[in-house]
Amino acid sequence: MKIAFQGIKGAYSELALYEHFGRNAESAGTDSFDELFEAVMEGRADFGIVPVENTIAGTVVENYDLLLSNDIFVVAEVFMKIRHTLLAKKGASLGDIRQAHSHPHALGQCKEFLKKHGIAPMPVYDTAGAAEIVSRESRNDRAAIASELCAEIYGMDILGRDIQTNKTNTTRFFVIVKKENLTDDTVYEKTTIAFKTRHYPGALVDCLKIFQKHDLNLTKLESRPIPENPWEYVFYADFEGGIDSEIVRQTLKELENHALFLNILGSYPRALLGFRF
């Protein structure tokens, strides 16, 4: 079984992949999220795992747009606590480090640690990529902020663990599969949809009242512009309840009658917010 993730070995998405599928899973990195979705659609990967929101950085809007534009279904969600690690060449010490390379988000999340130790932040395209670059250099004054897995992959020393300021920093991931490859043993407890309202005052309120009427709890609601139609928006929503429930089926039927379109993006088990790692 091959699972696609965006990034190179050691990326946080690969960690999330192992958290869900186990350490024996075969991971396959892609250069972009577009390529990840293509790999799943074309059968080069059995599943894909993509970040969809972070408690600090917010929603990964690109992946919601890709969910809507591809014949893909979400079959699981994974919550992973982000634990940033300072990595350097073998033999380097914390006192040697003058620069830390990482993704801008990671640098921002670790700015207090960097300031305390007089380390200058150096933005690069991603965390695991920073670790790979630093591991190939001969300098001991440069470090990378990345996952602890990168230390194992790239043969680096760990000079600091959990260096992020916010210790509750968490990313939510979706596990995706091609719709035609769905199996009968999928558990449905939570559902993600996309819909577009009609154009009249209170149209969104009327749609949301349907969930209230059927006592379904909305856990996320966000709007995104439709590039092809300026000033028009599609709404993404998560709610508690699976598509095998009669109440959910009735709710979605009523919503479809109120909306211009409705797309069920996934239905999956509700993930726990506790962490095992």
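The values are calculated or read from the model by the stated rules, or taken from the named source; none is laboratory data. Please read all numbers here as calculations on a predicted model, not as lab measurements. When we count neighbours, we look across all protein chains shown, and the Cβ atoms used for this are built from the backbone with ideal geometry, even at glycine.
Condition test on D126, is it under 18 Å from the mean Cα position of the chain (by Cα), acidic (D, E), closer than 23 Å to H20 by Cβ and outside the structural domain of A76 (by TED's automatic domain parsing)? Here the answer is yes, as D126 does meet what is asked. Just the residues that are in contact (Cβ under 8 Å) with a residue 60 or more places away in the chain and in a loop (DSSP other than H, G, I, E, B), please, taken from region 129-163. Across region 129-163, the qualifying residues are S147, G155, M156, D162, I163. Could you give me the residue pairs with C-beta distances under 8 Å whose first residue belongs to region 232-256 and is touching a residue at least 60 places away in the same chain (Cβ under 8 Å), whose second residue is basic (K, R) wherever it lies, and which are 6+ apart or on separate chains? From residues that are touching a residue at least 60 places away in the same chain (Cβ under 8 Å), the pairs are V234/K196; V234/R224; Y236/K220; Y236/R224. Checked against (1) in a loop (DSSP other than H, G, I, E, B); (2) surrounded by 11 or more Cβ atoms within 10 Å (Cβ to Cβ), Y233 passes all but a single condition, namely (1). Counting residues in region 66-77 that are surrounded by 21 or more Cβ atoms within 10 Å (Cβ to Cβ), touching a Leu at 6+ places or on another chain (Cβ under 9 Å) and either assigned by TED's automatic domain parsing to the domain that holds A143 or among the hydroxyl-bearing types (S, T, Y) (or both) gives zero. If the condition is being closer than 15 Å to S32 by Cβ and either touching a His at 6+ places or on another chain (Cβ under 9 Å) or without any contact (Cβ under 8 Å) to a residue 40 or more places away in the chain (or both), then region 51-75 contributes V60, E62, L66, S69, N70.
The set of residues in region 164-210 being of a type in the set (F, W, Y), surrounded by fewer than 19 Cβ atoms within 10 Å (Cβ to Cβ) and in contact (Cβ under 8 Å) with a residue 12 or more places away in the chain consists of Y188 alone.
Put simply, of G95, G91 the only residue that is surrounded by fewer than 21 Cβ atoms within 10 Å (Cβ to Cβ), small (G, A, S) and assigned to a helix (DSSP H, G or I) is G95. Entry remark, region 29-63: residues being of a type outside the set (D, E, K, R), surrounded by 15 or more Cβ atoms within 10 Å (Cβ to Cβ) and part of a helix (DSSP H, G or I) number 7 in total.
What is the one condition in (1) assigned to a loop (DSSP other than H, G, I, E, B); (2) on the phi < 0 side of the Ramachandran plot; (3) surrounded by 19 or more Cβ atoms within 10 Å (Cβ to Cβ); (4) not aliphatic (A, V, I, L, M) that S13 does not satisfy? All conditions pass for S13, except number (1). Listed by first and then second residue, the pairs with beta-carbon distance under 7 Å, at least 6 apart or on different chains, first residue in region 34-50 and in the same structural domain as D71 (by TED's automatic domain parsing), second assigned to a loop (DSSP other than H, G, I, E, B) and among the basic types (K, R), form an empty list. Can you confirm whether region 202-223 contains a residue that is within 14 Å of F261 (Cβ to Cβ), touching a Phe, Trp or Tyr at 6+ places or on another chain (Cβ under 7 Å) and not in a helix (DSSP H, G or I)? Checking region 202-223: not a single residue is within 14 Å of F261 (Cβ to Cβ), touching a Phe, Trp or Tyr at 6+ places or on another chain (Cβ under 7 Å) and not in a helix (DSSP H, G or I). Among the residues making up region 99-128, none is under 18 Å from R139 (Cα atoms), touching a residue at least 40 places away in the same chain (Cβ under 8 Å) and part of a loop (DSSP other than H, G, I, E, B).
Only residues that are of a type in the set (D, E, K, R), farther than 25 Å from F47 by Cα and touching a helix residue (DSSP H, G or I) at 6+ places or on another chain (Cβ under 8 Å) were counted across region 148-203, and they come to 3.
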